[in-house]
Amino acid sequence: MGIFEKFKSGFRKSASTFATGLRDIIVKKEIDDNTLNKIEDYLIQSDVGIQAASDIKEIIAQEKIDPKKNIMDEVNLLLKNYIITLMKPLENKNFITKKEGLNAILIAGVNGVGKTTTIGKIGKILKSNGSKVILSACDTFRAAAIEQLENWAKKIDVEIIKSNQGSDPASVAYRAVEHAIANKINYVLIDTAGRLQNKKNLMDEYRKIANVTKKIDPNAPHEVILVLDATSGQNIINQVEEFNKIIPITGLIMTKLDGTAKGGILIALAKKYKLPIIALGLGEKEDDLQIFNAEKFANAFIQSN
């Protein structure tokens, strides 16, 4: 199964639910104002967001689709083109290309989004591109988190910098960056504690990890990636808002798109924040993290060939 087929298959639950609902609305030979309003409402219910839903409604209204054509196909084409136009500028394939010098990547997210697993998958991709990678276990609040990251380090055969449970997370990050510079390692992937975005003390610790890396390299962290769980729906918007206040986010990774019927939330995020989208998680396997491609996402969303 190729990358697109895997992406399409993994995303099918969300896309099929969306397509079926849209088809139930578009039953006439022409799209009148009532149908347009239903399409807009349905897009909003599918977590596409109010702004994007309004845009899409306006595009369909202006297109004046020929009733002799297949109306559903025409609407899907308009939807696909809208998604590509919106999201193509947010691709960041440069993220995984081999780079010289230090690249300290801070990876954040609330509990349960699949953050540590995502770090392992990113590490594998970067290593396969010829980069030297180490993992930094800065989630010292949970022994299980350190152990989980250790397992990934063994699985992808990279070093891990860690400390005992309860130790200072920022000190672990500092040692990891120091080690990377001394050993000419390209990437430091820093795992942070899964934290609720409304817990001030935990968010302060998160900020401290970022600040301590600047003591070694003023440009660190070079990327701040927020991992989001697609099954969380509209709560994702609040997570992006709050994390972005602490340290500006440079990229997003969306996980669990294979387990939700509301993958439209990524469109809402793209419209509202215009943040680069690094990758999408479609399952638990090592190769189930797909580097984001707007056209493939659009085709998978409408289940097009």
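Readers should treat all values here as calculations from the given coordinates under stated rules, not as data from a laboratory. Remember, predicted model here, so these are calculated numbers, not experimental data. No Cβ is skipped: glycine too gets one built from the backbone with ideal geometry, and neighbour counts run over all protein chains shown.
Here are some notes:
- Cβ-defined net charge surrounding D191, 9 Å radius [Lys, Arg +1; Asp, Glu -1]: 0
- Taking the C-alpha atoms only, the angle from helix 169-182 to the longest principal axis of the chain is near 80 degrees.
- Computed over the stretch 15-162, the ratio Rg/Rh where both radii use C-alpha atoms and Rh is Kirkwood: 1.18
- With the simple spin-label model, which puts each label point 7 Å out from Cα in the Cβ direction, the D157 to R175 separation comes to 2.6 nm.
- Taken one residue at a time, the phi angles of the stretch 58-74 give Karplus couplings (6.51, -1.76, 1.60, θ = phi - 60°) of 5, 5, 5, 5, 6, 5, 6, 5, 5, x, 6, 8, 6, 4, 5, 4, 5 Hz. Gly and Pro are set to x.
- Mean separation of Cα contacts under 8 Å (6+ apart) over length of the stretch 207-305, as relative contact order %: 22
- With R₀ fixed at 25 Å, the C-beta to C-beta distance from Q62 to Q303 puts the FRET efficiency at about 0.50.
- Here the calculated FRET efficiency for E241 and S54, from their Cβ-Cβ distance with R0 = 22 Å, stands at 0.60, rounded to the nearest 0.05.
- Net charge of Cβ neighbours under 14 Å - reference A143; Lys, Arg +1; Asp, Glu -1: -2
- Mean shadow area of the stretch 233-288, taken as a quarter of the surface of its Cα convex hull (nm²): 4.1
- 3J(HN,Hα) couplings calculated from phi for the stretch 115-123 with the Karplus curve 6.51 cos²θ - 1.76 cosθ + 1.60 (θ = phi - 60°) are, in sequence order, 5, 5, 4, 4, 4, x, 5, 4, x Hz; Gly and Pro show x.
- FRET efficiency, 1/(1 + (r/R0)^6) with R0 30 Å, evaluated for N81 and D217 via beta carbons: 0.10
- A DSSP coil position with no more than 13 other Cβ atoms inside 10 Å describes the following GluC sites (Glu not before Pro) in the stretch 242-302: E284.
- Order of V27, V224 under a 10 Å beta carbon neighbour criterion, fewest first: V27, V224
- Summed side-chain charge close to A220 - residues other than A220 whose Cβ falls under 14 Å, Lys, Arg +1, Asp, Glu -1: +3
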